[in-house]
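Remarks on the structure that follows.
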Amino acid sequence: MDYKWGQGGQGVDEIEENGSVIFAQADDGDVYYNGATIATMPLQAAAAAIELISDSAEDDVGGTGALTVKVSGLDGDYKWVTETLIMTGVVAVVGTQLFMRIMDIQVMTAGTHTTNVGAIDCQAVAGGQVWDQIVADEGLNQHSLITVPAGYILWIAHWAFTSSALTAQTFRLMERPFGGAWIVKEKRCTYFGGQVQELKPFRMAKPYAAKTDIKMNASVGAAAIITSHMGGFLTTTQKR
């Protein structure tokens, strides 16, 4: 989340996510690093500590890769929290902050390689479920998930899909209200190698309630790299 001055001359919080998935053939999956293998992005059912582990020994203090990594997300009360961990390469480093949702995983400091050398997994403690990953050399996770923090409404002002291939494609913006089921909020079908996007004036942005999960999903008719972006601004639900 960032803080900036909005068009109305008042401060607003904004939030955005970028996603990426590589499909080696005709396939269907959520837009995140592992969407071609596990189609549905895994999400935590309860708040828990996480651990970081790299597949390169260089992502360690004294190595050439990632030295410290900051994990940001929501705790069990869906409030924004962060934790910075010192990398220990191929040995997992365990955090203490409890996360219900992982939003951003970012390399903060690095050695001479200037970013992470290996892929860094963010997973359940003791080698459990991998929630997300920083792909080697990218420094930041790329997943299409936004979960609305407690006490806020999210207004989606922009979303976009891009494709590297000329093939049949279906793109979906999906929503799951707290305690509810996934639904397709917006859907576009195309045959192209370019971009599909929706840009809304602030007054026409669509609202999403607190604790709602929002993600992006794609189906492709052939091998393709799909990237995505969605973003909007947050308003408080507290009465003034």
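The values are calculated or read from the model by the stated rules, or taken from the named source; none is laboratory data. Owing to the predicted nature of the structure, the values given are computational and were not obtained by experimental measurement. As a convention, Cβ positions derive from the backbone with ideal geometry for all residues, glycine included, and neighbour counts pool all protein chains shown.
Structure values in brief
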| read-out | value |
| --- | --- |
| Boolean, residue 36 is surrounded by fewer than 16 Cβ atoms within 10 Å (Cβ to Cβ), at pLDDT 95 or above, assigned by TED's automatic domain parsing to the domain that holds residue 227 and among the small types (Gly, Ala, Ser) | no |
| Of all residues in the range 78-90 being within 22 Å of the chain's Cα centre (by Cα) and part of a loop (DSSP other than H, G, I, E, B), the one that is surrounded by the fewest Cβ atoms within 10 Å (Cβ to Cβ) | 79 |
| Candidate set from the range 63-77 (those that are in contact with a Gly (Cβ under 8 Å, 6 or more places away or on another chain) and not in a strand (DSSP E or B)); member that is farthest from residue 115 (Cα to Cα) | 63 |
| Considering residues of the range 98-118 that are free of Cβ contacts under 8 Å to residues at least 60 places away in the same chain and of a type in the set (A, V, I, L, M) only, the residue surrounded by the fewest Cβ atoms within 10 Å (Cβ to Cβ) | 108 |
| Residue check for residue 75: surrounded by fewer than 16 Cβ atoms within 10 Å (Cβ to Cβ), in contact with a strand residue (DSSP E or B) (Cβ under 7 Å, 6 or more places away or on another chain), modelled with pLDDT of 95 or more and closer than 30 Å to residue 160 by Cα | no |
| Residues within the range 23-33 that are in a loop (DSSP other than H, G, I, E, B) and either within 18 Å of the chain's Cα centre (by Cα) or surrounded by 15 or more Cβ atoms within 10 Å (Cβ to Cβ) (or both), tallied | 3 |
| Matching residues, the range 149-185, being of a type in the set (D, E, K, R) and either free of Cβ contacts under 8 Å to residues at least 40 places away in the same chain or touching a Cys at 6+ places or on another chain (Cβ under 8 Å) (or both) | 175, 176, 185 |
| Any hit, the range 91-100, residues being more than 17 Å from the chain's Cα centre (by Cα), among the aromatic types (Phe, Trp, Tyr) and in a strand (DSSP E or B) | no |
| Unique match (being in contact (Cβ under 8 Å) with a residue 60 or more places away in the chain, more than 28 Å from residue 211 (Cβ to Cβ), charged (D, E, K, R) and out of contact with any Lys or Arg (no Cβ under 8 Å at 6 or more places or on another chain)) among 77, 121, 59 | 59 |
| Elements of type strands (runs of 3 or more DSSP E) in the range 123-240, at least 2 residues being surrounded by 20 or more Cβ atoms within 10 Å (Cβ to Cβ) | 130-134, 152-163, 167-176, 213-220, 224-236 |
| Residue ID - farthest from residue 176 (Cα to Cα), chosen from residues in the range 18-39 that are polar (S, T, N, Q) and in contact with a strand residue (DSSP E or B) (Cβ under 6 Å, 6 or more places away or on another chain) | 20 |
